[in-house]
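Worksheet: the structure to be examined is printed underneath.
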Amino acid sequence: MPNNETVRRQRAIGGALGVAVLAFALFYHFFPQALHVRPTQNTSRSPLRGQPTVMGFDQRPQAAPPAVVSEIDAGPPIMLAPASVIAARRREKTNEIELPAQKTPDSPELTALLDRADKALAVDRLVGGKDSAAVLFTSALKEKADSQRALEGMNEVRARLAAEIEQDIALGDADAARESLAALKSLPSSAKDAAPLQQKLAVLDKVRPLLGKAATQLQEGKASQPRGDSALDTYRDVLQIDPENAVAEQGITTVQRSVLDKALAAVAQNDFAAVDAALAEAATIAPESQALQDTRGRIEGMRRQSATAMLAQARSALDAGNIDLAQQLAAKAQQVSPDLAGIDDFNERVTNAKLYSSYKPGQVFADRFIDSTGQAPAMVVVPTGKFLMGSPDGETGHDADEAPVHEVRVDKGFAMARSSVTIGQFRDFVRSSGYVPQSQSMGGGSVYDEQSGGLRDDPSVTWQDDYAGKPGQERLPVINVSWNDAKAYADWLSQRTGKKYRLPSEAEFEYSLRAGSTTRYWWGDGNPGSRVENLTGGNDRSGSGRRWSNAFSGYKDGYWGPAPVMSFTPNPFGLYDMGGNVSEWVADCWHDNYVRAPRTAEAWVNPGCSRRVIRGGSWGSAPDMVRSAYRQGASADLRNARVGFRIVREL
């Protein structure tokens with residue numbers, strides 16, 4: 001029998017192709033991520049024998065080891081541990097063979113022989129040569145058949161040889177396994193250990209060509225494709241023959257990692273369809289693997305990062321007014337990461353951009369003049385929606401010109417002035433533009449006559465005066481302005497701000513006045529329970545003690561005549577004085593009813609019409625004239641102490 005040194009030289013030189021190529025090329029070259037060997041490792045018999053190695057298939061961080069860990073329980077997979085550790089583990093799992101009782105002590109000569117055998121065993125010199133552990137223990141047993149040290153030593157030699165054979169088989173080194181098996185069979189009482197190893201070696205002979213084929217397929221880039229001719233298919237064939245084949249199991253892990261690498265590469269290209277396909281393929285390979293779970297988590301983070309960057313680009317496009325591009329980018333971002341944070345807020349911004357030019361319903365703003373200091377009146381964004389315009393036949397105060405009731409859709413957002421235009425605001429317009437209002441160019445308007453309790457014409461009154469013909473305060477709504485004056489003001493604001501200002505349409509006014517209500521008044525059907533508007537109240541008194549002959553019973557707002565704007569409660573849309581204080585001009589021409597009226601919120605205009613529409617109640621209107629549906633027509637050059645206006649800004 002050759003000694004150990006000769007065997008080692010044969011394996012290093014003559015067995016290089018079998019051991020080095022198959023063990024290293026197949027295991028180390030193709031699976032480097034699973035094999036990490038210490039530089040100081042003892043490689044006296046094979047790269048995986050001798051001192052314990054640091055090696056494992058699972059590269060995830062492990063929990064801290066307990067304070068005391070036995071060599072048997074510590075370290076890498078058991079088949080990759082030293083033969084002595086594997087042998088100890090095998091003994092733990094099998095019942096110890098009871099050795100015969102030793103009748104007499106070992107002689108000094110036998111003890112010296114056993115000491116030499118133990119030293120050979122300690123350095124893993126198991127078989128081959130007269131100084132091997134097997135030869136020395138055999139010699140000891142010949143001298144004394146019941147020597148327990150000799151029997152135990154021989155058992156350990158058989159156990160370690162069996163462990164080495166199992167390692168060789170696990171690594172696919174059939175030649176080394178066959179050589180060691182022959183040595184095992186030469187030992188006494190080895191049949192029980194040799195028989196299962198012989199069967200495993202036969203299985204290795206069957207799977208060894210398949211493992212070589214799989215290695216070639218990996219080199220050729222056939223990790224998981226094509227189906228039927230891939231390394232994955234071949235490794236699975238191996239596991240059908242040898243369900244515990246470590247090389248095939250690691251091979252499948254490597255194949256899955258190659259597919260996961262494709263997924264990561266696809267992320268870098270923002271090809272998330274390919275990412276999903278690769279992850280799905282990886283899941284069919286090893287659905288419970290930690291590598292799959294880790295890669296999924298990593299890719300999900302990359303998805304969120306990529307989607308967040310796309311959403312930021314979408315916001316920039318939206319800010320620049322490019323709504324189509326913004327929506328495309330946001331859709332792609334949501335496709336990449338369906339639960340992307342901030343997508344709902346962005347979609348709301350897109351809706352607002354489409355409907356409200358990036359404003360929000362209820363938002364208050366004021367445009368600054370582009371050519372000088374100053375700004376337009378404060379505007380509030382009115383939400384889109386639909387409503388029933390007009391009054392039903394059964395409503396108290398109903399008039400034929402308020403019929404038929406018809407649905408109007410307000411599909412485009414707009415902003416309406418929070419209050420009527422004031423004397424101060426109108427004064428800025430006149431000074432800046434040089435415009436001459438019709439109360440001056442055509443002579444006068446109307447004033448309240450305390451003596452008669454009604455309005456009378458006054459050729460000297462102008463837009464600068466209050467309802468009684470006295471100089472008006474700056475915050476009072478401007479009155480005695482014609483429809484033509486109101487339009488001129490809106491046109492001037494458009495020039496000064498670069499935005500489109502105009503008078504509201506009749507539909508916009510009623511929609512904004514109702515503010516979602518369907519009752520007679522925006523606050524309800526009956527007398528107001530609080531100071532909601534400047535109305536004709538039954539408890540109001542004029543300077544001389546006059547009462548209103550037709551008023552809201554029990555109501556008192558404290559004003560006889562217009563009040564400073566925004567002195568009362570806003571309606572639900574944030575608009576002040578819509579149902580009281582002063583009635584207001586709108587853009588529409590007067591029509592006797594709503595037959596053929598637009599079903600949109602646009603103004604109903606006939607070219608060249610001379611009569612326009614006035615909407616909303618005033619400080620002197622009877623309750624029926626304060627209704628949300630009430631309307632009246634007047635000549636476009638009318639100037640009246642109860643009539644003012646407010647403006648709309650298109651979005």
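The values are calculated or read from the model by the stated rules, or taken from the named source; none is laboratory data. On a predicted model such as this, the values are computed, not experimentally measured, just so you know. FYI the Cβ positions are ideal-geometry reconstructions off the backbone, even for glycines, and counts take in every protein chain you see.
Only one entry in GLN293, GLN313, GLN305, GLN269 is more than 23 Å from LYS222 (Cβ to Cβ) and modelled with pLDDT under 90, namely GLN305.
Keeping to region 477-513, report how many residues are assigned to a loop (DSSP other than H, G, I, E, B), touching a strand residue (DSSP E or B) at 6+ places or on another chain (Cβ under 7 Å) and surrounded by fewer than 24 Cβ atoms within 10 Å (Cβ to Cβ). Lay out the reasoning, then the answer.
Going through region 477-513, the residues assigned to a loop (DSSP other than H, G, I, E, B) turn out to be 478-482, 498-500, 503-505.
Next, only the ones that are touching a strand residue (DSSP E or B) at 6+ places or on another chain (Cβ under 7 Å) stay: 478-481, 499-500, 503-505.
Of the ones still in play, those that are also surrounded by fewer than 24 Cβ atoms within 10 Å (Cβ to Cβ) are 499-500.
So the count comes out to 2.
So which residues in region 247-271 are small (Gly, Ala, Ser) and surrounded by fewer than 19 Cβ atoms within 10 Å (Cβ to Cβ)? Let's see the steps before the verdict.
Just the residues of region 247-271 that are small (Gly, Ala, Ser), to begin with: 248, 251, 258, 263, 265-266, 268.
Result: SER258, ALA265, ALA268.
For region 272-295, the tally of residues that are of a type in the set (Asp, Glu), crowded, with 16+ Cβ neighbours inside 10 Å and more than 11 Å from VAL259 (Cα to Cα) stands at 0. Of all the criteria given as (1) hydrophobic (A, V, I, L, M, F, W, C); (2) surrounded by 24 or more Cβ atoms within 10 Å (Cβ to Cβ); (3) closer than 25 Å to VAL380 by Cβ, the one not satisfied by ALA641 is (3).
I'd like the residue in region 266-289 that is free of Cβ contacts under 8 Å to residues at least 12 places away in the same chain and of a type in the set (S, T, N, Q) and, out of all such residues, is nearest to THR254 (Cα to Cα).
Our first condition is that a residue be free of Cβ contacts under 8 Å to residues at least 12 places away in the same chain; within region 266-289, this holds for 268-269, 271, 273, 276-277, 280, 283-284, 287-288.
Add one more test, that the residue is of a type in the set (S, T, N, Q), and what stays is 269, 284.
On the way: GLN269: 23, THR284: 14 Å.
If we take residues in region 266-289 being free of Cβ contacts under 8 Å to residues at least 12 places away in the same chain and of a type in the set (S, T, N, Q), then THR284 is nearest to THR254 (Cα to Cα).
So that you can scan it fast, the table gives a plain yes or no per residue for (1) modelled with pLDDT under 90; (2) surrounded by fewer than 19 Cβ atoms within 10 Å (Cβ to Cβ); (3) of a type in the set (Val, Ile, Thr); (4) outside the structural domain of GLY385 (by TED's automatic domain parsing):
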residue	(1), (2), (3), (4)
GLY297	no, yes, no, yes
GLN327	no, yes, no, yes
GLN335	yes, yes, no, yes
ASP339	yes, yes, no, yes
ASP344	no, yes, no, yes
THR351	yes, yes, yes, yes
